[in-house]
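Below is one structure, written out as C-alpha cells; the observations come after it.
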Amino acid sequence: MTEPPAGVALPRVMGHRGVAALAPENTLAGLREAARLGLSWVEFDVMLTRDAVPVLFHDETLRRTTGRPGRMAETDYAAVKDLDAGAWFHPDFAGTPVPSLEQAVEVLLAEGLRPNVEIKPTPGRDVETVERALALLKALWPAEQPPPLISSFSLMSVAAARTLAPDWPRALIVDGIPAHWRRTLAALGCASFHVQHRRGSAALFREVRAAGYAVACFTVNRERRARTLLERGADCVITDDPTRLGAVWQPPS
Ligand code: G3P
Ligand code: MG
C-alpha cells in the first residue's frame with residue numbers, strides 16, 4: 001500500500017543557496033548568515049563529486065564559483081574540499097570551502113535551520129545523487145526534528161526520494177509549467193510545487209493549492225514581486241536576499 005504523501009508547511013520567505021546575495025552560495029558561511037538574519041528555512045543544491053560524496057554545489061562546472069577548470073562529476077572530494085568557493089564572491093570570503101552535505105547538516109542543526117535540499121544531479125546520476133544524499137541525511141537528521149524537504153527538477157530524483165524516504169516531504173521544481181503537472185505531482189507524491197516566479201499566475205496558484213499542494217516561487221529578489229506572488233496565493237518566496245523584501249520579510253509589528 002502506498003502511504004499518503006507527507007505535507008509541508010513552508011515559510012513565507014526561504015533563503016536561496018543559503019542567502020546567495022549576502023554570502024557565497026552553497027557554503028556554510030551562507031547557511032550561518034541565513035540563520036543570523038532569522039530565516040527558518042534555507043534552500044541549497046546538492047551534487048556528487050566523482051567519488052560520490054554529496055557536496056553543496058550548483059553548476060556542473062567548477063569555474064564560476066571556484067575559478068578552477070573542470071567538472072564536479074570528474075573531481076574527487078579530496079580536491080573539491082580544498083577549492084575556494086568564496087573568493088569569487090568577495091575577498092572577505094576568500095578561503096571559504098565547498099562544504100560536504102555532512103558538514104552542512106552539522107551547521108543546520110546547530111543553527112536550527114530547516115533545509116530544502118535540492119538534488120542537483122549531473123547527467124546520469126539522478127538516482128545515485130538521491131541515494132547518497134538521503135543515506136547521509138537519514139543517518140544524521142534527528143528523528144524528532146521535522147524532516148528536510150527534498151526537491152529536484154529531475155523527475156527521476158524525486159521518484160527516488162519517494163522510494164527511499166516516503167515519509168519525507170518532496171517538491172518538484174519547474175521552470176515552465178508542464179500541462180500534466182497534476183498527474184506528475186500526484187505520481188511523485190509531492191507536498192509542494194516550486195515554480196519559476198515568472199510562471200506564477202493567480203490561476204495556477206489557485207489550482208495547485210486546490211489540488212492539495214503548497215507552492216513556492218524562485219528566485220524572488222524584489223519586494224513588490226514578492227508581495228504580488230504572495231497575494232496571488234504563493235505560500236513561499238525563495239530569495240537570495242530577504243533584506244530586500246521589506247515588509248514581506250519583516251512585517252511591521
Ligand atoms: O530550488 C529552487 C531553485 O534553487 C532552483 O533553481 O538553479 O537556483 O537551483 P537553481
Ligand atoms: Mg537550487
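The values are calculated or read from the model by the stated rules, or taken from the named source; none is laboratory data. Not measured: the values here are computed from a predicted model. Note that we place each Cβ from the backbone using ideal geometry, even for glycine, and neighbour counts take in every protein chain shown. Side chains are part of the model used for accessible areas, which takes the heavy atoms of the whole protein and leaves out ligands, DNA and RNA. Shrake-Rupley method; radii C 1.70, N 1.55, O 1.52, S 1.80 Å.
Assorted remarks:
- Filtered residue count, segment 42-54, keeping only those that are of a type in the set (A, V, I, L, M, F, W, C) and either out of contact with any strand residue (DSSP E or B) (no Cβ under 7 Å at 6 or more places or on another chain) or open to solvent by 10 Å² or more (accessible area, probe 1.4 Å) (or both): 2
- Filter result (within 26 Å of residue 193 (Cβ to Cβ), open to solvent by less than 30 Å² (accessible area, probe 1.4 Å) and in contact with a helix residue (DSSP H, G or I) (Cβ under 8 Å, 6 or more places away or on another chain)) within segment 105-119: 105, 108, 113, 115, 117, 119
- Residue selected from segment 23-53 under the condition in a loop (DSSP other than H, G, I, E, B), under 21 Å from residue 229 (Cβ atoms) and more than 16 Å from ligand 2 (Cβ to nearest atom), by the criterion nearest to the chain's Cα centre (by Cα): 40
- For segment 126-136, a residue qualifies if it is farther than 17 Å from residue 168 by Cα and either within 16 Å of ligand 2 (Cβ to nearest atom) or open to solvent by 60 Å² or more (accessible area, probe 1.4 Å) (or both), and exactly one does: 126.
- Matching residues in segment 149-175 - criterion: being within 13 Å of ligand 1 (Cβ to nearest atom) and not aliphatic (A, V, I, L, M): 151, 152, 153, 154, 157, 170, 175
- Counting only residues that are among the β-branched types (Val, Ile, Thr), under 14 Å from residue 119 (Cβ atoms) and either assigned to a helix (DSSP H, G or I) or without any contact (Cβ under 8 Å) to a residue 24 or more places away in the chain (or both), segment 151-206 holds 2 of them.
- Considering only residues in segment 228-253 that are within 21 Å of the chain's Cα centre (by Cα) and open to solvent by 40 Å² or more (accessible area, probe 1.4 Å), the one that is modelled with the lowest pLDDT turns out to be 249.
- Within segment 55-82, considering residues that are open to solvent by 10 Å² or more (accessible area, probe 1.4 Å) and assigned to a strand (DSSP E or B), the one nearest to ligand 2 (Cβ to nearest atom): 61
- Residue list for segment 207-224, restricted to those being away from ligand 1 (no atom under 13 Å from the Cβ) and in a loop (DSSP other than H, G, I, E, B): 211, 212, 213, 222
- If only residues of segment 20-45 that are of a type in the set (Gly, Ala, Ser) and at negative phi are counted, the one that is nearest to ligand 1 (Cβ to nearest atom) is 20.
- Residue count for segment 163-188, restricted to those that are away from ligand 2 (no atom under 16 Å from the Cβ) and either over 18 Å from the mean Cα position of the chain (by Cα) or open to solvent by 10 Å² or more (accessible area, probe 1.4 Å) (or both): 17
- Residue 17 fulfils the conditions (1) more than 22 Å from residue 123 (Cα to Cα); (2) within 15 Å of ligand 1 (Cβ to nearest atom); (3) part of a loop (DSSP other than H, G, I, E, B) except for a single criterion, (1).
- Which listed residue is open to solvent by 60 Å² or more (accessible area, probe 1.4 Å), over 26 Å from residue 12 (Cα atoms) and either small (Gly, Ala, Ser) or touching a Gly at 6+ places or on another chain (Cβ under 7 Å) (or both), from 85, 139, 160: 139
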